[in-house]
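Asks: Attaching a single structure in C-alpha cells format; questions to follow.
The values are calculated or read from the model by the stated rules, or taken from the named source; none is laboratory data. These figures come from a predicted structure and were not determined experimentally. All Cβ positions, glycine included, derive from the backbone under ideal geometry; neighbour counts span all protein chains shown.
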Amino acid sequence: MRFKFMNFKLPPIRFEFLIPLLSVFAVTTPLHASEEQRWQQAIDHAAQAVLAIRVDAPRSFDTGINNSVQATGFVIDAEQGIVLTNRHVVQPGPTVAKGVFLNREEIKLIPIYRDPIHDFGFFKYDPKALTYNKPQALDLLPEAVQRGREIKVVGNDGGEQLSILSGTIARLDRPAPVYGRGNFNDFNTFYIQAASATSGGSSGAPVIDIEGNVIALNAGANMRNAASFYLPLDRVVHAFERIRDGVEMTRGTLQATFRYQPYDELKRLGLSDEYEAQVRAQDPAAIGLLTVAYLVPEGPSDGLFKAGDILLKINDEWVRHFISLEAMLDQHVGDDISVVIERAGKQLTLVLKVQDLNEITPSRYIDVGGAILHDLSYQQARSFNIPVAGLYVAYGGYMLSNELIGRGNVITSIAGHEVNTVDEAEAVLQTISDGERFSVRFFQLVNPRQQIQRVVTMDRRWFPASSCYRDDVKGVWPCEEWPAQLRVSKPQSSATRFVTSETPALQRMAQSLVQVNFDMPYVVEGITETRYTGAGLLIDIDRGWVLVDRDTVPTTLGDVTIIFAGSLEVPGKVEFIHPQHNIAMVSYDPALIGDTPVRNVTFSDEPLAPGDDVWLIGSKMNQKLISHKTTVAEIDMFSLPMPSVPRYRATNLEVISLTSQASTVGGVLTDKDGAVQALWSSFGYQRNNKFGSMVIGVPTAVVQDQLRWQQQAVSSVITRTIASELNFVPLNEARKRGLDNEWALAMEAHDLETRHVLQVIRVEAGSPAAAVLEGGDLILAIDGNVVTTFLAVERAAQRAELKVTLLRGGDIIEVDLQTEPLDGVGLKRFVSWAGAIFHRQQREIAAQRGRDDEGLYVSWIWKGSPAAHYGVYPSGRLTELEGVAISDLDGFVARLNETAGRASVRVKMVSLNGKETMLTLKLDNQYWPAFELRHDDERGWQRAGI
C-alpha cells in the first residue's frame, strides 16, 4: 500500500484565496449552544491560529530532497511564537520557511526542532513582527482523543489557505504509516485514524474536537482511500514543554523497532500465564504488550534482543505501551538500563546502554563538487537494515554523478582511507587537489553487500567546497568555505599503442579515431543532459585538434576528456562550436600523449552516391573500434522535429543512410583504403518531450568547407548564413505555385538527378534576411546562378551581399540580401541569481520561435530556490528587474549590485510565445548567492561571486 505526506508542491502561479477572514471567538461555549454553534466557535478559534506554511528546502539532506512545498502549522505559544507542524515539513536539512495567517499577514519562520523519529517539529516566529494579527495559541489535549469522537481538520488542504475537513476517530492503535524505504518513516508509536480525506498541503494541520482542543496532529493519508493518519500528541507535549522552558530535549534509543501485539499473539510467542495476569491487573483495558520487531545491526541492542522478545519492564517499571517506553529511554540517555523480557516462555534480564539519538541524527554536511555528503542517519540505516556508519550521498552533484555515484549511495572509503563520518571524509577530501583523481568505494542502500569502486576527479573549479552545520538558535545552516587550493593537479605525459586489424580501413583509421567525453556542470542553452560520449576525428595532430559532433560537445561550458586507443585519457578544451552544423572542435596538448602513433585523417574528394560500397568505422560505448562493410542506400534531406525548448537542431543538410549499420557512438564512412568519405555523426533531437539521438552520415564536403573557412578566418567569424531554414519542394509543386516552364527547365538542366526547388520554411527573427525573405518563398537562383542544394546556398552565402531570385505568390522577384556573420565562440558567460541560470539568448530562439525580444534567457532553475518558489521558469526570458529593462549580462549584473540590499525584487518574465508576467522574488543570499561563470583564453572558465 502506498502512502503520501500531506506536503503540497508550490505551483508556478499564485493561488487565489477565497476564504474570508473569520472572526476569533472565545473557546468557552454556553451550555445551551447548539452543536453547530459549538463547532463554529471551535473552528473560528482554530482558524485564527493556523498558518499556511510555504517551505523551501534548498539542499537535499537525509530523507528530504531540495524542493518547494506547502503545508500547515498552528500557534501553540503566542508569547514565544512557537508553531507546531510535521517533522517532514520542518525538513531534516536546511529550511527556509514563511507562514501566512488567515488575514494574509506573512511572517518569517525559523526551524527550532525536528524530532529524529516522530513526525513533528517546531517553527518559531517573532511575535513583535506581527502588525495586524495577534493569534491565540491552541491548547494541546492528547487525553481527549477517543474512538468515535467527531473531529475537524483545519488546514491548508490542497494549497487553499484554509480548508475544513470532517471525520470520526476510528482507530487509536493504528501502526505508523510506512512511506517507503529511503523516505522518512515514523515508528515506535501508534497513529490515530479517521476517514477525513486530507490531501496535499494539510500536513501539520490541527485535529480539533468540538471544544476547540487540539487532540492530534495531521500527518499523512492513504492515496487509495479517504483514510487519514494523525500523530498522537503525548510526546509532542513533552517536547514542547521542554523547548518552551529552554530545557535541552534529550532523545534516547536502543536502535530497536517495537511492535504492539495482542495477548492472543503474545501467548503464541511464549507469554506466561503469570505475566499475563500481572499485566492485565496493572491495566485491565490494555489488550497487549510491546515486542521486538527488528534491530539495526551493531546497535546497542544488537546481540541482546531478538525478534519476538516480549518487553515487560525497564528498571523495574512495567512498560505496556510506546509512550512509557520512550519516556524511559529519554530519561536515561547514556545510562545502563535493566530490561526484563520474556523469550519463548523464559524470563531474561538484560542490561543495555541507552544511546543518544541525536548522535545518530546528522546535523552537518559538506558540499564539495556540487555533492551533498553527511553521516548516514538512523532513519536510513533502519530502513535498509545496515549499521549507522558511512558517508551518505544526499545529492551526487557534478563531481560524483559523473561517475554514477548519486543519491542513495553510502561511501565507505575515499582515496584509500576508510571513512565512517563526515569529519573523516572532510579531512581526506581537503588534501585532494582540483583535477586530481581519487578512488571512491561505496555501496547502494538497496544492495549493501555489493561494494563498488569508481575513480572520481576532484572539482574545485565549478563548485566551491564548504562545511555546514545546523544552528537551531538562528534556524539556519552556516557554512564555512574550505581553504582555497594553491595547487592544481597537472596531467602527466604518457603514451599508448593502437590495436592492429586485418581490415585495411580499420587499421588506418584506428590511429585517427579517439573517444571524446564531455561533462556539463550546469544546464545551459536548452541542453538538459549533462554527460556525453562520442567519436572524435584527428584532423591536426600538431595542434591537437579533434573534430566531433555537437551531440558529443554541445556547448562551450564543460570538461573535455579524450581517450586514445581505449587506454590513454587526457584533458581537452573546446576550440569552437559551429553555429549551424553538427560539428565542434576540441583540442588536447600533444605533449601529453608522448610518442603515441597518431595520424591525421585523410579526406576523400570523391562524393558518395547511392549503391556505393563503404566501410563504417566506428567506436562503441566501451571504446572498442569496429568495422562494418555496407552500402549507401540514399542521400536525402535531413529533418529533425522541433524541440519544445529552444536548443541546437541541425537544419539545411543532406545526409547519407546505409542499407545496414552497426551500433556505434559515431565514426566515419571510408573507402576500402581508409580515406574518409563521410562522417558518421550523432544528432540529438527531442520528440514528444523525450530526448534521443540518431547516428547518420554527413558528406565530407560540408565538413571540409567549414574547416577551410574556419582556418582562413581572420576574426572570430567562421561562416556566413542567409539565416533561414530551408527544405525541398517537388518541382511539380513549384509549377502549381506559378513557376513558369522556362525556370522549370532551367532547374531540371541544372540538376539532372533531382526534381526539387528550395523553399524557405522560417527566417531567423532580427536577421537581415527577415526583412526580405518570407516563409514559403522558393529560392531559384543566387547572383544569377541556379541553386538546388543546401551546400550551394551555403557556399554562395559566404559573400556579404547576395541578389536572390525568388518565386513568391506566383511572381518571380529579386531581392538584395545581406548575409549574417556567425562565429564559433559560443557562449562565454553565465550568471546565476536566486537559484536560476541566465545567459544571453541563443540563436535558436530567433531561428525556431521567431522572437528577437530583449532580455536574458533562463536556462535552469534549482528546486528549493527563490526562483522556483516564486515562478521564474526555464525557457522564459527576464526582460526587466526593478523597473529597469535588461538586455545583456552587463546590465543585469549592474542592476543586481544596485538592488543588492533589497529583501525582495520585481522581475518581468516573457514566455516563448510573448506572454508577459510580473513576479516578486524574496531573495535568499544564504543558500543562493549570485555568481557568474566567465571564460577567457588564458585561464579558461572561472567562477566568481557577484
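Asks: Out of the residues in region 348-380 meeting the condition of being of a type outside the set (A, V, I, L, M) and free of Cβ contacts under 8 Å to residues at least 24 places away in the same chain, tell me which one is nearest to residue 289 (Cα to Cα).
Replies: We begin by selecting, within region 348-380, every residue of a type outside the set (A, V, I, L, M); these are 349, 353, 355-356, 358-359, 361-365, 367, 369-370, 374-375, 377-380.
When the remaining residues are screened for being free of Cβ contacts under 8 Å to residues at least 24 places away in the same chain, the result is 349, 359.
Details: 349: 17, 359: 29 Å.
Of everything passing the filter in region 348-380, 349 is nearest to residue 289 (Cα to Cα).
Asks: Being acidic (Asp, Glu), outside the structural domain of residue 185 (by TED's automatic domain parsing), over 27 Å from residue 533 (Cβ atoms) and buried (at least 21 other Cβ atoms within 10 Å of the Cβ) is the requirement here; does residue 375 meet it? Break it down stepwise before answering.
Replies: Numbers: acidic (Asp, Glu): yes; outside the structural domain of residue 185 (by TED's automatic domain parsing): yes; over 27 Å from residue 533 (Cβ atoms): yes; buried (at least 21 other Cβ atoms within 10 Å of the Cβ): yes.
Yes, satisfied.
Asks: Out of the residues in region 191-207 that are crowded, with 24+ Cβ neighbours inside 10 Å and part of a loop (DSSP other than H, G, I, E, B), state the one that is nearest to the chain's Cα centre (by Cα).
Replies: 201
Asks: From 470, 441, which residue is under 24 Å from residue 928 (Cβ atoms), touching a Ser or Thr at 6+ places or on another chain (Cβ under 7 Å) and modelled with pLDDT of 95 or more? Let's see the steps before the verdict.
Replies: Details: 441 fails: under 24 Å from residue 928 (Cβ atoms).
Just one listed residue meets the conditions, 470.
Asks: Another question, if that's okay. With 560, 514 as the choices, which residue is over 24 Å from the mean Cα position of the chain (by Cα), aliphatic (A, V, I, L, M) and not assigned by TED's automatic domain parsing to the domain that holds residue 845?
Replies: Working: 560 fails: over 24 Å from the mean Cα position of the chain (by Cα).
Exactly one residue qualifies, and that residue is 514.
Asks: Being under 42 Å from the mean Cα position of the chain (by Cα) and either part of a strand (DSSP E or B) or farther than 25 Å from residue 822 by Cα (or both): is that true of residue 761 here? Break it down stepwise before answering.
Replies: On the way: under 42 Å from the mean Cα position of the chain (by Cα): yes; either part of a strand (DSSP E or B) or farther than 25 Å from residue 822 by Cα (or both): yes.
Judged against the criteria, residue 761 is a match.
Quick grid of which residues meet (1) farther than 30 Å from residue 848 by Cβ; (2) exposed (fewer than 14 other Cβ atoms within 10 Å of the Cβ); (3) of a type outside the set (Gly, Ala, Ser):
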site: 717; (1), (2), (3): no, no, yes
site: 721; (1), (2), (3): no, no, yes
site: 727; (1), (2), (3): no, no, yes
site: 733; (1), (2), (3): no, no, yes
site: 738; (1), (2), (3): no, no, no
site: 742; (1), (2), (3): yes, yes, yes
site: 747; (1), (2), (3): no, no, yes
site: 752; (1), (2), (3): yes, yes, yes
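Asks: May I ask you to say which residue of 136, 146 is among the polar types (S, T, N, Q), within 25 Å of residue 99 (Cβ to Cβ), at pLDDT 90 or above and surrounded by fewer than 20 Cβ atoms within 10 Å (Cβ to Cβ)? Working first, answer last.
Replies: Details: 146 fails: within 25 Å of residue 99 (Cβ to Cβ).
The conditions single out 136.
Asks: Going by the structure shown, is residue 181 in contact (Cβ under 8 Å) with a residue 12 or more places away in the chain, assigned to a strand (DSSP E or B) and either under 27 Å from residue 446 (Cβ atoms) or among the basic types (Lys, Arg) (or both)? Break it down stepwise before answering.
Replies: Numbers: in contact (Cβ under 8 Å) with a residue 12 or more places away in the chain: yes; assigned to a strand (DSSP E or B): no; either under 27 Å from residue 446 (Cβ atoms) or among the basic types (Lys, Arg) (or both): yes.
No.
Asks: Sticking with this structure for a sec: Could you list, in sequence order, the residues of region 240-275 that are under 30 Å from residue 75 (Cβ atoms) and crowded, with 21+ Cβ neighbours inside 10 Å? Quick ask: steps written out before the conclusion?
Replies: In the first step, residues of region 240-275 are kept if they are under 30 Å from residue 75 (Cβ atoms); the result is 240-252.
Selection gives 251, 252.
Asks: Return the residues of region 353-401 that are under 25 Å from residue 450 (Cβ atoms), of a type in the set (A, V, I, L, M, F, W, C) and assigned to a loop (DSSP other than H, G, I, E, B); say none if nothing qualifies.
Replies: Scanning region 353-401 gives 376, 386, 388, 389.
Asks: Still on this structure: May I ask you to say which residue of 800, 734 is in contact (Cβ under 8 Å) with a residue 12 or more places away in the chain, out of contact with any Phe, Trp or Tyr (no Cβ under 9 Å at 6 or more places or on another chain) and not aromatic (Phe, Trp, Tyr)? Give the derivation first.
Replies: Values: 734 fails: out of contact with any Phe, Trp or Tyr (no Cβ under 9 Å at 6 or more places or on another chain).
So the residue among 800, 734 that is in contact (Cβ under 8 Å) with a residue 12 or more places away in the chain, out of contact with any Phe, Trp or Tyr (no Cβ under 9 Å at 6 or more places or on another chain) and not aromatic (Phe, Trp, Tyr) is 800.
Asks: Given (1) touching a helix residue (DSSP H, G or I) at 6+ places or on another chain (Cβ under 8 Å); (2) within 20 Å of residue 623 (Cα to Cα), where does residue 678 come up short, assuming only one miss?
Replies: (2)
Asks: On the basis of being modelled with pLDDT of 95 or more, touching a Leu at 6+ places or on another chain (Cβ under 9 Å), assigned to a loop (DSSP other than H, G, I, E, B) and of a type outside the set (Asp, Glu), does residue 188 make the cut?
Replies: Working: modelled with pLDDT of 95 or more: yes; touching a Leu at 6+ places or on another chain (Cβ under 9 Å): yes; assigned to a loop (DSSP other than H, G, I, E, B): yes; of a type outside the set (Asp, Glu): yes.
Yes.
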